[in-house]
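Okay, so here's the structure we're looking at.
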Amino acid sequence: MAVNASPAAAGAAGRPSRPPGPVLEIRDFSVVYRTPAGDLNAVSEVNLALNPGEVVGLVGESGSGKSTLAYAACRIARPPALITGGSVRYLGRRAAAPVDVTRLRPGDLQRLRWREIAIVFQSAMNALNPVLSVKDQLVDVIRAHMRVTGQEATDKAAWLIDLVGISRSRLRSYPHELSGGMRQRVMIAMALAVDPEVVIMDEPTTALDVVVQRDILARIAELREELGFAVLFITHDLSLLLELSDRIAVMYGGRLMEIGSATEIHNGPAHPYTKGLLNSFPSLHGPRRELAGIPGSPPDLRNLPPGCPFLPRCGYGTPACTEIDMSLAHVTSSADPEHQTACPFVLPDTPLPQPDQARAGNPDLQVQS
Amino acid sequence: MSDRDAIVLPPPGGAPSAAADRGPLAMEAVSLSKDFRLGRGQTLHAVRDVSFSLYRGAVVALVGESGSGKSTVAKLLAGQERPSSGAIRLDGQPVELGTRRAFRLYKSQVQLVFQDPFASLNPVHTVRYHLERPVRLHRQTNSRAAVGKEVTALLEQVRLTPAEQFVGKYPHELSGGQRQRVSFARALAARPDVLLADEPVSMLDVSIRLEMLSLLDDLRTRFQLALLYITHDIASARYFADEILVMYAGQIVERGPAEQLTQQPAHPYTQLLVASAPDPDNLGSLLRETAPQRQSRADTGPATGGCPFSPRCPFADDRCRTENPPSHPVSARRSAACWHLDLAAPIALDRTQERQA
């Protein structure tokens, strides 16, 4: 399917009609980690919407707040994580009216989780129960969230395991008898067990070999088409997201730096950090390019500089950057009307800074001759 | 090695290495094998008949998926595991690790950098301690001033400057990239000839990986290091290495100059690996692709005799399933272990014939 096709078209056949608008809408969302040494601003005023049937990629380095954002939005982030502001509006096809996840009572939250929003965690080895067989774990999930008989649950478990491309004979296996790739497939089957509207995937293939990774991602894309769920895909691997996503959101230092269609992020990245990330991947195909990487290291969230958190590593930085408010603005020159960036100075057509300027922000390289 | 006969073994591999242009031969692995006993009479052949050479100032990349045996090769070369058969030669001499003294001498010439900079540094010691120890051990200097000067020089070499700011720090006070720099500095403290880097950047954030690779690149040029770069990321090997060795199930299935091998892979496994790597220019491809009904290595189990890749290979026939193919030349500096190179890599082979004609 085309990257920008209407998301509502995906897998909509034969399903109850849904209300218009995003299925999940995160607004002005902030999360801190309350530590004795002071608050650590893990997520600051993030706005992110997920349309029905859409794959949104959330990319960032470790400590950028990408996982915290997703976990806090489902309210599974534990103290010292604390939601300090914003809302998470959920409106699925089974729901009559939108709910604010941040205000749900425990019972309602229980009904929302997994049935409406499911999560695939990074480490399948730790997420599966080592003393239960695959079938028991799948049946467990199904019966916890749906009123079905044991036989129906067993049938559904077999259907699910087919769905993710594992033979039914493996239903009786225990997690340690499966390879890493198969365990991750089982996790995906679990997430899809009760037909959720939104599936959050937190680095689901990071620990896997590239061949297995590609097979699993192609399967996810297929299932998305078939079942019509929306995916929030969290990873540090931007090159992967460009192949997988409809839209991509870039996070750095707890803030959203840029969001836009995969095509626009690839062809006309507007934020210097996105440009840097794109230039950090050695490409296997096509001509060899000059690679730059990004000098310096990720920010200390306890001690963020005023203005743009990327400033110390930015080749385009100016004194005015310490005063910007990091709100997103539309990129007027972009083909995607929803393409937004937090950097008011650098646009897709801004020329690259000279190499010596690019390194100016990095004390590491300044001293080095 | 205990195997004294190693000296008479023929030089590894038929084709000359693409890394040989860079400098003199430093280290050779000759028909290295390593078996692990699993109990119940089962044996895991982690490394099977692996031969290659490392040259001063050159980077050889060893690429493979997890479980392919690439880290075992590093451990064999570092002297941490003893090979079941085969030999290692350093500067033409067979490696003898019988005594502690010999082992220490070997370690001063061959150093290993690990993947995880969080686990490889001791959390209760400062950067100074981590660097002073190898300096004292391998350089036989005990004067405090000389050691201190050396530690400062090491930190400057890995661009942790100003050095005074870093010597007193503990690992937890450093970022992942800084920690890996300390690991590099520690390896350099012995002034080695050979550096074995086992996935040196895969634990680091994407944005700093390139910088670390360019640091490694700089160090190998400056010190004429023979570098073995072990990785699962064939794209980084394309940019960083002179020669690439592709490992599958303990064997080297293909070898050749980095650019040629990645652009025209000859072995079906290398082709699968290259086709599977994320390609940022291929926008939305995964959304269009249908999931292949491919079997992974773990699904198929170990191949019993024959080519280890045959259970997954689209070209496999009866011969592949019974006879393990030897290495065939693809071009002057390339070879691949496959019976069906004419089917799998007609383009790569065509070029050779043109050149020969």
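Summary table below
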read-out: Gain on full stretching of the segment that runs from residue B:36 to residue B:153 - 0.36 nm per residue minus C-alpha separation; value: 38.0 nm
read-out: Rounded if a/c under 1.5, otherwise prolate or oblate - segment A:21-245, Cα gyration tensor axes; value: prolate
read-out: Segment B:51-126: relative contact order in percent, alpha carbon pairs under 8 Å with at least 6 residues between; value: 17 percent
read-out: Distance between modelled label sites at residue A:300 and residue B:141, nm, 7 Å Cα→Cβ extension; value: 3.1 nm
read-out: Label-to-label distance, nm, for residues given as residue A:335 and residue B:104 (7 Å Cα→Cβ offset); value: 6.6 nm
read-out: Sequence-separation-based contact order of segment A:21-245, relative, with Cα cut under 8 Å and 6+ spacing, percent; value: 26 percent
read-out: Mean Cα-pair separation over length for segment A:191-335, i.e. relative contact order, pairs under 8 Å, 6 or more apart, %; value: 17 percent
read-out: Alpha-carbon Rg/Rh ratio, for the protein assembly as shown, with Rh computed the Kirkwood way; value: 0.97
read-out: Whole-Å semi-axes of segment B:29-260's equivalent ellipsoid (Cα gyration tensor); value: 30, 21, 17
read-out: Proximal lysine pairs, the protein assembly as shown, alpha carbons under 23 Å, eight or more residues apart or interchain; value: 9
read-out: Rounded to 10°, Cα long-axis angle of helix A:134-145 versus longest principal axis of chain A; value: 90 degrees
read-out: Computed FRET value (nearest 0.05) for residue B:93 with residue A:144, which takes r as the C-beta separation and R₀ as 51 Å; value: 0.20
read-out: Efficiency of FRET from Cβ geometry, residue A:323 and residue A:105, R₀ 35 Å, rounded to 0.05; value: 0.25
read-out: Share antiparallel - DSSP beta bridges, segment A:21-245, percent rounded to 5; value: 55 percent
read-out: Span-rule helices in chain B, defined as complete DSSP H runs reaching 24 Å or more along the axis (Cα) with Kyte mean at least -1.0; value: B:206-223
read-out: Degrees between helix A:150-163 axis and first principal axis of chain A (Cα, 0 to 90, nearest 10); value: 40 degrees
read-out: Virtual spin-label span in nm between residue A:39 and residue B:224, 7 Å along Cα→Cβ; value: 5.9 nm
read-out: Segment A:80-162: trypsin sites (Lys or Arg not before Pro) in DSSP coil with no more than 11 other Cβ atoms inside 10 Å; value: A:94, A:147
read-out: 0 to 90° range, to nearest 10: angle between helix A:210-227 axis and chain A longest Cα axis; value: 70 degrees
read-out: Segment residue B:173-residue B:324, length gained on full extension (0.36 nm per residue, minus Cα span); value: 49.3 nm
read-out: DSSP-defined beta bridges in the protein assembly as shown - what % are antiparallel, rounded to 5; value: 60 percent
read-out: Distance from segment A:183-235 to segment B:209-265 (C-alpha centre basis), Å; value: 31 Å
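Every read-out reported here was derived from the displayed coordinates using simple, explicitly stated rules and does not represent laboratory data. Being a predicted model, the structure only gives us computed values, none of them experimental. A quick note on method: Cβ atoms are made from the backbone with ideal geometry, for glycine too, and the neighbour counts reach across all protein chains shown.
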